Every structure is written in structure tokens, then in C-alpha cells.
Amino acid sequence: MNTLHFVYAIEVEKAGSITQAADNLFMSQPTLSKAVKDLEETLGFAVFRRTPRGVVPTRKGSEFLNHAKKIVRQIEKMELALRTGDATHQLFSVAIPRAEYAMRAVSEFIRALDISGGAEFDIREASSIRAIDAVADSHFVLGLIRYHVEDEDYFLKSLTEKGLQFQTVWESPYVALVGRDHPLAARENLSPEDFLPYLEISFGDGEVPYIRVSEAESLAGAAGGSKRILVYARASQLDLLRANRLAYTWSCPAPQDFLLENGLVQLPCQGSGQFRDILISRSGYRFSGLDRAFLRQLHAQRDLASLPVCHFGNPV
């Protein structure tokens, strides 16, 4: 989606006329009309309704324009900071998976900054699908997404179609997180099948759209059985995990102090499958100093995870 079309649509709303908006934008009326039509085709609904007195937004169009104005304002603020070299007001936004190391990276990154001149940080924990859309639609500058390596073709195709670039941050086998008193906590040489009698706690919005549920449940051999609680927040997942001695969840490796604080044990599991975390941004985007500082923290927190892992290209 071309965010320049957002600017055009906002001007059309303000002018109440495509002809007047074209004059205001110093472009021809046919060119602006085509841009508005392309935008409406991309969105799948009409943004404007033509009347004898000009054009007015439709109901859905008004909702879209409200979002578009927020996006355009954010882009304008970033561009101003880049043009003026203004380091007094810091802007940063990222969508991250519900993972302890990612949230710690955010916390340590912000803690290390001098915010005396002002700062605006926009942080969202989101599923991979929603993070991709958020970055592609310019709601967020950066996104950290996670997927099963078996699903890589789908995700790379999606990133290409949406005009996003990426770099790998981490690849590792999944581990099972359980309470210290879980029946499997002291076991070794575990397989996913060993967990079938127990209660899985998983995120309910992590499905890959093109995979049928039955296929998704068999991927990587770590699908779990029929005993499952779906949650949508990391805090809920941890609360349920701590409260139920028969519960478990599939996770990336976690720092040792996090496990101790929460009374958890992480169990390697043969055949649990591999995940890959990648950092995404819009194609052609050049990382700011803040972006690079966050990426350094991301690698540092990743390295604190307590299992041997595959690491990729620490930033300079």
C-alpha cells in the first residue's frame, strides 16, 4: 500500500473536491482520480462518495482516513527528525513477539537512553501476521516476527509481496516450559509425544493462514493434543503456567534468571521443531541510531538464553 496515496486522500477530504485537491497538490485531476481509485481498489471499499456538491467520505472511508492521518503524522515526524538531525526528541516503534528476551531487549534499550529531550516509544506485542501488516502499513517502523522454519516459504513470500526487507536474528529449537513440580520436569530425552497427556497453553492467534488446522497441529511434531488453553497475552500465559502443575508451553529458550524468578524449568525436546526470529522493516529503510541500539540489545538478550543456539550477524 502506497502511503503517498494516504496524503492524497486526506487532501481530497479537506478540499471536498478532487479537482480542488489536485490543484492544492500541484498535480492533474486525472492523475489524482486514478490514485484515489487505486487506493479504493487496494482497500476493497469506497473511501469517498460522489455528490452534486463534491466528494464526502463514506463510513468506512472516515475510519480509514482517521488511521491514515495518524500514519502520515508519524511519517512526517520521522522525516523531520532525519532532515534536521534533531536528537532531542527520539522516535522509535517496534512490534515484537511475546518472548521474554524481546521484551527485555526493549526494556534495556529504553533504560540506556537519555530521554531528557523528549521521547516517544511505541511497543506492541503481536503475532507474526499482525506484525507484518503493522510494518507494511507504516504503523510501526520495525517488527520482530517468529515462525516455524517449515513455514518459511509462506512468510518470505508475504514479506516480498508487502515490500519488506528482513534479517535473521535467531534460530533455535523450541523448548517446553514447565513448572518445577511438573511430572516431566526431571525427565531427559523427551519427545513431543511425552507431553500429550498434559495441558498445553498456547497463543490463539499464531496460526499461519494457508495451513489447515489439522496440518498446523502436526507440524514439527510439537503440536500437542486435545488439552489446550488459548491465550492472547504473555502475562496470562505465565500466570496459567505457574498456577497449574500439569501445564506446559512451547517457547524459545529463556534466560536463567527468568526461569528462577517464575519457578520454571525449560526442557529440550527431540523433534520439537525449529523457530526463526527475523527483524523486518520496509524495503529501502535505513536503520537509525536508535534502531541499531535496539538491535544490539536484542542480540545481547538473545545471547543470555541458556541453550546453545544459532546466532546471526551481530550489528556493529
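Taken together, the values in this text are just the output of simple stated rules run on the coordinates, not laboratory data. Quick caveat, the model's predicted, so the values are computed rather than measured. Positions of Cβ are generated from backbone atoms using ideal geometry, with glycine treated the same way; all protein chains shown enter the neighbour counts.
As a rough footprinting exposure proxy, the listed residues Lys162, Lys14 were ranked by other beta carbons within 10 Å of their own, and the order from fewest upward is Lys14, Lys162.
Protection proxy ranking of 282-292, 121-131, by the mean of other Cβ atoms within 10 Å over each peptide's residues and highest first, is 121-131, 282-292.
Principal-axis analysis of the Cα atoms of the chain puts helix 234-243 at an angle of about 20° to the longest axis.
Evaluate E = 1/(1 + (r/R0)^6) for Lys60 and Asp153, where r is the Cβ-Cβ distance and R0 equals 41 Å; express this FRET efficiency to the nearest 0.05. For Lys60 and Asp153, the calculated efficiency is 0.80.
Relative to the longest principal axis of the Cα atoms of the chain, helix 152-161 runs at roughly 10 degrees. As a size descriptor, the averaged projected area of the C-alpha convex hull of the stretch 83-189 was calculated at 9.9 nm². Distance between the C-alpha centres of the stretch 229-289 and the stretch 88-110: 16 Å, rounded to the whole angstrom.
In the chain, the longest principal axis of the Cα atoms and the axis of helix 59-84 are about 80 degrees apart.
Every Cα-Cα pair in the stretch 3-81 was counted, and those over 16 Å apart are 48% of them. Pairs of lysines in the chain whose Cα atoms sit within less than 24 Å of one another amount to 21, provided the residues are eight or more positions apart or on different chains. Given R0 = 35 Å, the distance between the Cβ atoms of Arg53 and Lys77 translates into a calculated FRET efficiency of 0.55. Structural descriptor for the chain: relative contact order 21 percent, calculated from alpha carbon pairs under 8 angstrom and at least 6 residues apart.
Run the dipole for the chain about the Cα centre, Lys and Arg Cβ at +1, Asp and Glu Cβ at -1, nothing else charged, and hand back the magnitude in debye, nearest 20.
Details: 35 positive and 39 negative charges, 187 e Å.
Dipole of the chain, to the nearest 20 debye: 900 debye.
Counting Cα-Cα pairs of the stretch 227-297 in 5 Å increments starting at 0 gives whole-percent bin shares of 3, 10, 18, 17, 17, 13, 11, 8, 3, 1.
In plain terms, the chain from Arg286 to Leu113 could stretch by 60.2 nm, reckoned as 0.36 nm per residue minus the Cα-Cα distance. Cβ-Cβ distance of Leu304 and Arg228, R₀ of 22 Å, FRET efficiency by 1/(1 + (r/R0)^6): the value works out to about 0.15. Enclosing the Cα atoms of the chain in their convex hull gives a volume equal to 156 cubic angstrom per residue.
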